[in-house]
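Everything below concerns the one structure shown next.
The values are calculated or read from the model by the stated rules, or taken from the named source; none is laboratory data. Since this is a predicted model, take the numbers as computed values, not measurements. Virtual Cβ from ideal backbone geometry, glycine too; neighbours counted across all protein chains shown.
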Amino acid sequence: MLIKVRLSRMHRVVVGVPLCLLMSFAVPYVTLADDLPKESVLPLGIANKAIQAALEACKKDGYRVSVSVVDRDGVPRAMGRADGAGPHTVDSSRKKAYTAASLRRSTSELGDLITKVPTLQALRDINGEVLILGGGLPIEIEGDVVGGIGVGGAPGTHLDDACAQAGLDAVGAASKVLPAK
C-alpha cells in the first residue's frame, strides 16, 4: 500500500508540474488575444448590393455613372460601371469612396468644410487618393464606419450624393447626405 501511495504522489508530480508550467505559458496568450482589436468587416455581398442600388438610382434618372465601395481602410471591395459611363468615372468613384472611408465624412461635407476653414485645404494633398468632390459617403452601420461608397459621373455632385445615398439605404447604413440648404 505504501508503494501505491508513493506512485500516486509521483504520478501527481510528474503530471502536475508540466501541466502547471503549460498553463502558466498559456495565460499570457489568452490575455494578448483579448487585447486584439475587434472590428466589423464589410462583406462583399453588402458592397455589391450597395453598388447595384446606386447604379439603379442613377440609371432611373438617366445618369451613367461608376460606383465603387471600399472597406474601412480604403481598399476596394467592389466596383460597377454603367454602360456608357465615362472612363474617368472609375477613378473618381474609387477616390471618393476612399476619401469618405478614410476621413469618415461625406466628401460634400469635406468640400464645405475646407471652404469655410481655408487651413484645411491641405486635406486635398494628404495623398494622391484623396478626392474632395461630392459623391463619396462613409458606410456606417450600427455606429461603426465599415467602408465608403463613391459615385462619379452624374451631372452634379449633389446627384452623385443622392445615388450614393440610395446605396446606403439599400444596405441599412446610416444616412450621410447633408440636408439641402
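Miscellaneous remarks
- The residue that is nearest to Lys38 (Cα to Cα), among those in segment 90-108 that are of a type in the set (Ser, Thr, Tyr) and either free of Cβ contacts under 8 Å to residues at least 40 places away in the same chain or surrounded by fewer than 24 Cβ atoms within 10 Å (Cβ to Cβ) (or both), is Ser102.
- Within segment 65-82, residues that are touching a residue at least 40 places away in the same chain (Cβ under 8 Å) have Cβ atoms under 8 Å from residues that are among the aromatic types (Phe, Trp, Tyr) and buried (at least 23 other Cβ atoms within 10 Å of the Cβ) in these pairs: Val70/Tyr98; Gly74/Tyr98, counting only partners at least 6 apart in sequence or on another chain.
- Residue in segment 133-145 that is assigned to a helix (DSSP H, G or I), assigned by TED's automatic domain parsing to the domain that holds Arg77 and modelled with pLDDT under 95 present: no
- Of the residues making up segment 30-43, none is closer than 19 Å to Ala162 by Cα, of a type outside the set (Val, Ile, Thr) and free of Cβ contacts under 8 Å to residues at least 60 places away in the same chain.
- Residue count, segment 146-181 (criterion: in a loop (DSSP other than H, G, I, E, B) and either in the same structural domain as Pro87 (by TED's automatic domain parsing) or over 13 Å from Thr107 (Cα atoms) (or both)): 12
- Summed over segment 56-89, the residues that are closer than 23 Å to Ile126 by Cβ, in a helix (DSSP H, G or I) and either aliphatic (A, V, I, L, M) or more than 22 Å from the chain's Cα centre (by Cα) (or both) give a count of 1.
- Residue list for segment 109-144, filter: among the β-branched types (Val, Ile, Thr) and either in contact with a Phe, Trp or Tyr (Cβ under 9 Å, 6 or more places away or on another chain) or surrounded by 20 or more Cβ atoms within 10 Å (Cβ to Cβ) (or both): Val130, Ile132, Ile139
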